[in-house]
1. With the checklist (1) farther than 27 Å from A51 by Cβ; (2) of a type outside the set (S, T, Y); (3) out of contact with any Ser or Thr (no Cβ under 9 Å at 6 or more places or on another chain); (4) in a loop (DSSP other than H, G, I, E, B) in hand, flag the one item I269 doesn't pass.
2. Working carefully through the options L313, L320, L263, find the one that is of a type outside the set (G, A, S) and under 27 Å from P35 (Cβ atoms).
3. So which residues in the stretch 1-55 are open to solvent by 70 Å² or more (accessible area, probe 1.4 Å), hydrophobic (A, V, I, L, M, F, W, C) and not in a loop (DSSP other than H, G, I, E, B), if there are any at all?
4. Please work out which residue is nearest to G260 (Cα to Cα), limiting yourself to the stretch 201-220 and to residues that are of a type in the set (A, V, I, L, M, F, W, C) and part of a strand (DSSP E or B).
5. Select from the stretch 209-247 the residues that are closer than 20 Å to G275 by Cβ, of a type in the set (V, I, T) and buried (at least 18 other Cβ atoms within 10 Å of the Cβ) and list them in ascending order.
6. Checking L197 against (1) buried (at least 19 other Cβ atoms within 10 Å of the Cβ); (2) within 16 Å of ligand 2 (Cβ to nearest atom), which test does it fail?
7. Condition first: open to solvent by 30 Å² or more (accessible area, probe 1.4 Å), of a type in the set (S, T, Y) and closer than 20 Å to C26 by Cα. Now tell me which residues in the stretch 107-129 satisfy that.
8. For the stretch 7-30, give me the residue count where each residue is under 21 Å from R327 (Cα atoms) and near ligand 2 (Cβ under 9 Å from one of its atoms).
Amino acid sequence: MDRPTQPFDQLRRPLGVLRLSLTARCNLACPYCLPDGAEPPGLLSLEERRALVAAAVALGAGSLRLTGGEPLLNPGLEALVAAVQPLRARGLREIALTSNGVLLTSERARALRAAGLDRLTLSLDGVTGTAVARMAGLSGGDADTRRRRGEAQLEQVLAAIEHARSAGFAAERGQIKLNAVIQRGANDDQLLPLAGLARQRGLELRLIEFMDVGNRNGWRPEAVLSAAEMVGRINRRWPLDPVGRDPHGTAIRWRFRDGGGHLGVVASISAPFCGDCNRLRITADGIAYTCLFGSQGTDLRPWLRPSPDAEALERTLARLWRQRHDRYSEERTALALGDQRPAPAEMAYLGG
Ligand code: SAM
Ligand code: SF4
């Protein structure tokens, strides 16, 4: 049977990135995300995940992003990174991890580097104990207790950045980045301090507009701080020059005029980038989604169990990709779908 060649979807978009979620669980409860406390049944094994990555790489995905929930909760993470290394010979160029960083000890940072991880993006939504506690959903106790717990968490993430650096991830080559979701009225006062922290530590900061993923995060348009407003506020403090968005990239990038590095804004609400979106998402239990705002996935387990069937998996993924026509973020504004759209899957399940 002939293997499918690189598929293009209905809008002529190639497959380029596989975002693979390793768990739906998280050690935090960020209110804009609100993960499930429990894992879905039927989690994939290491061998099944390796087979999925191999199939996506065969269809042109050069980039693998490991995510969750919190992927560091998965003890098999390092083994998976090691297991996919042979796929570099078949076109896998880059393996990245998105994590909240709380569990990134120096041992794990070294183990991930040794296993062959190329890049890390750590999420941090504030630089004070109070802001970190609020954005991470730390609950219980009085305000002072929560502030202290937020401060401890902030220290853990700052330490994680340095563990990553010591393990050999080079921030100046974009191998350590910071993600921050900015929500108007919740942490928009953290915008300049976060930019200052990223500049000081030589990291590229990616500011993400608060998105309407899932059903639980109480999203309202008024809570979105647009990328233009974020850039405007930062530009007034540290002037910026535009760099632009890489083909198929998510972030519009800017350069600090004073040589303080780069900044990115992910404008999925105010300036959607569906037009060249090349990302396939697969959940921890093997359901494929062709859009972050998708409500319906395709269960890939029939081609993974009892043992992975490489050719059938490639054919199934190629068919799925060829049928794809999602452009929800662009349609959101044009169609004012609002509440009428089918219930979308949750962010921590899909992996962001
Ligand atoms: N737990 C890891 C972390 O937080 O980095 C990985 C999974 S998390 C779902 C991936 C990314 O999605 C994080 O950078 C997070 O901030 C972002 N995210 C989650 N919910 C979001 C929302 N409603 N709007 C915008 N970004 C969101
Ligand atoms: Fe957990 Fe990441 Fe969701 Fe926050 S954004 S709750 S860290 S999965």
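1. Among (1) farther than 27 Å from A51 by Cβ; (2) of a type outside the set (S, T, Y); (3) out of contact with any Ser or Thr (no Cβ under 9 Å at 6 or more places or on another chain); (4) in a loop (DSSP other than H, G, I, E, B), the lone unmet condition for I269 is (3).
2. Details: L313 fails: under 27 Å from P35 (Cβ atoms); L263 fails: under 27 Å from P35 (Cβ atoms).
One residue alone meets the criteria, L320.
3. F8, L46
4. Ranking the qualifying residues of the stretch 201-220, first place goes to L205.
5. The one that is closer than 20 Å to G275 by Cβ, of a type in the set (V, I, T) and buried (at least 18 other Cβ atoms within 10 Å of the Cβ): V213.
6. (2)
7. Selection gives S123 alone.
8. Counting residues in the stretch 7-30 that are under 21 Å from R327 (Cα atoms) and near ligand 2 (Cβ under 9 Å from one of its atoms) gives 0.
The values are calculated or read from the model by the stated rules, or taken from the named source; none is laboratory data. Note that this is a predicted model, so its numbers are computed, not measured. Virtual Cβ from ideal backbone geometry, glycine too; neighbours counted across all protein chains shown. All accessible areas refer to the heavy atoms of the entire protein, side chains included, with ligands and DNA or RNA removed. Shrake-Rupley method; radii C 1.70, N 1.55, O 1.52, S 1.80 Å.
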